[in-house]
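Visitor: Can you read through this structure? Questions will come right after.
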Amino acid sequence: MQDELLLRYSRHIMLPQIEYAGQEKLTQSHALIVGAGGLGAPVAMYLAAAGVGTLTICDFDQVDLTNLQRQIIHTTASVGQNKAMSAQATIAALNPEVNVHVETTRLNDEALAARVLAADVVIDCSDNFATRYLLNQLCFESKKPLVSGAAIRFEGQLSVFDFRHADSPCYHCLYPDVGDDQALRCADNGVFAPLVGMIGTAQAAEAIKVLLNMGQSMEGRLLLLDALSAEWRTIRLKKDPSCALCGQAESVD
Ligand SMILES: [Zn+2]
């Protein structure tokens, strides 16, 4: 690592849990960020600032004026631009050492599976159940850690499904039967601006921990945040033996 990079990352390298070896590992790591909206903005910015070497950012949507209230990776000048491209431009200014790949079209399942397989960690920053279930399935199949987050109104949640471990629960264990009709969208319900930052920042922290196998991740726990009452609750989450996705595999293994 060059002197300038040692300086850039010095406050990480000082941490005994990270040190030089951990920072070097981050620079060689690849994170897949699905969604460059309210959650994806802090995730992408913190992972880039922290020196995660390669980021793949997927978003086929354009920056809209209504996004700017909370999607802090985008600026007024980027209204109308593709969100992944806008995020890439912000990251280039923040940390030019980071390689950013962008996916600006809607990926089919096969293409998304390939992106998941290429990544060391997957961060779900999407806003719909179809994508959450699909990412959960693809991560389960390729045994990749999935950092899951969601935020609506004043309520947020976060968990880690680490499929490197056979006993990890999955998103489907948590929500066995949720249809698309129950998807809550910010456009219809509103969302408190800093809430997505609180959850997204926690997702970035979990992603770095997962990459470095550091501390205790949120695997097996669900974090529930009510920003209105400032209550952070953590509940236990166990693998469901009858889960349609991960339950059967357990008996096969
Ligand atoms: Zn499951």
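The values are calculated or read from the model by the stated rules, or taken from the named source; none is laboratory data. These numbers come from a predicted model, not from an experiment. Quick reminder, even Gly has a Cβ in these numbers, built from the backbone with ideal geometry, and neighbours come from all protein chains shown. In case anyone asks, the SASA skips ligands and DNA or RNA and just uses the protein heavy atoms, side chains included. Shrake-Rupley method; radii C 1.70, N 1.55, O 1.52, S 1.80 Å.
Visitor: Can you tell me which residues in region 198-249 are within 16 Å of the ligand (Cβ to nearest atom), open to solvent by less than 30 Å² (accessible area, probe 1.4 Å) and closer than 23 Å to residue 44 by Cβ?
Guide: Listed by number, the list holds a single entry, 218.
Visitor: Go through 87, 77 for me and flag whichever is without any contact (Cβ under 8 Å) to a residue 12 or more places away in the chain and farther than 20 Å from residue 5 by Cβ.
Guide: 77
Visitor: Any residue that is within 12 Å of the ligand (Cβ to nearest atom), closer than 27 Å to residue 228 by Cα and surrounded by fewer than 18 Cβ atoms within 10 Å (Cβ to Cβ) - is there at least one of those in region 160-176?
Guide: Yes, because at least one residue in region 160-176 is within 12 Å of the ligand (Cβ to nearest atom), closer than 27 Å to residue 228 by Cα and surrounded by fewer than 18 Cβ atoms within 10 Å (Cβ to Cβ).
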